[in-house]
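The values are calculated or read from the model by the stated rules, or taken from the named source; none is laboratory data. Just so you know, these numbers come straight off a predicted model, no measurement behind them. Every residue, glycine among them, receives a Cβ derived from its backbone with ideal geometry; neighbour counts consider all protein chains shown.
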Amino acid sequence: MKSTGINALARDIHKNAVEHGWWEEKRSLPEVIALIHSELSEALEEYRSGKPNLWFACIPTDIFNGCRNMAHCENEKSNLGCVKSEFCRYKDKKPEGIVVELADAIIRILDYCAWRKIDIEEALNLRKAGNDTYTLPELIAECHYLIAQAHKCEEPRSLYFAECISLIKFWCDENATDIDEVIMIKHEYNKTRPYRHGGKKC
């Protein structure tokens, strides 16, 4: 992902999290780390379910509980949703998919970095992913390892976060997906969510 300006994006993400009440409770590092792990695991679940990198659910509009504009939907029976969502007026606003969950992991990392005033931009400039080609499960496993190391190591925690972000970026580039765009789509959606949405403790 583009390292230039990522600190500003992190601050904007953190500002939104604060405004939506997520930081009203004290958040420990283990809790944040566990939630990053959770987002990574959700990406794997999307993959195992055969979902695409980015999709939008269809808002029920008729007895078939699906989208009327089926030319732009994957499959009505599977209720996969609108892949080419810009053509469908029945799409939900919430983005879904493998890369959306990877973007959520990065959003969690950036939120924490802004809270702790970590210069993730500098870390990204120091830590670049190599040229290894990963399957999605391999990527998830490697990112889990890096996030676990970020939990264990006081310093340089930022480098483990940066390497995780770089690996996700490299995988997305290899799979013709713009992770920067997906992060912004999810971030903009998050701005529209209700205060302390979801009813979850975390």
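Hey, does the stretch 3-12 have a residue that's free of Cβ contacts under 8 Å to residues at least 12 places away in the same chain and exposed (fewer than 13 other Cβ atoms within 10 Å of the Cβ)? Scanning the stretch 3-12, I find at least one residue that is free of Cβ contacts under 8 Å to residues at least 12 places away in the same chain and exposed (fewer than 13 other Cβ atoms within 10 Å of the Cβ), so the answer is yes. Would you confirm whether any residue within the stretch 15-22 is of a type outside the set (Gly, Ala, Ser), at pLDDT 85 or above and either touching a helix residue (DSSP H, G or I) at 6+ places or on another chain (Cβ under 6 Å) or not in a helix (DSSP H, G or I) (or both)? Within the stretch 15-22, one or more residues are of a type outside the set (Gly, Ala, Ser), at pLDDT 85 or above and either touching a helix residue (DSSP H, G or I) at 6+ places or on another chain (Cβ under 6 Å) or not in a helix (DSSP H, G or I) (or both). Here Arg11 does not qualify as in a loop (DSSP other than H, G, I, E, B) and in the same structural domain as Ala141 (by TED's automatic domain parsing). If you go through the stretch 108-165 and keep only what is among the aliphatic types (A, V, I, L, M), without any contact (Cβ under 8 Å) to a residue 12 or more places away in the chain and farther than 22 Å from Ala43 by Cβ, you end up with nothing. Is there a residue being outside any helix (DSSP H, G or I), in contact with a Ser or Thr (Cβ under 9 Å, 6 or more places away or on another chain) and modelled with pLDDT under 95 anywhere in the stretch 179-202? Yes - at least one qualifying residue is present in the stretch 179-202. Looking across the stretch 140-168, the residues that are among the charged types (D, E, K, R) and surrounded by fewer than 22 Cβ atoms within 10 Å (Cβ to Cβ) come down to Glu142, Lys152, Glu154, Glu155, Arg157.
Could you grab me the full set of residues in the stretch 27-38 that are assigned to a helix (DSSP H, G or I) and either out of contact with any helix residue (DSSP H, G or I) (no Cβ under 7 Å at 6 or more places or on another chain) or over 17 Å from Glu138 (Cβ atoms) (or both)? Leu29, Pro30, Glu31, Val32, Ile33, Ala34, Leu35, Ile36, Ser38, listed by residue number.
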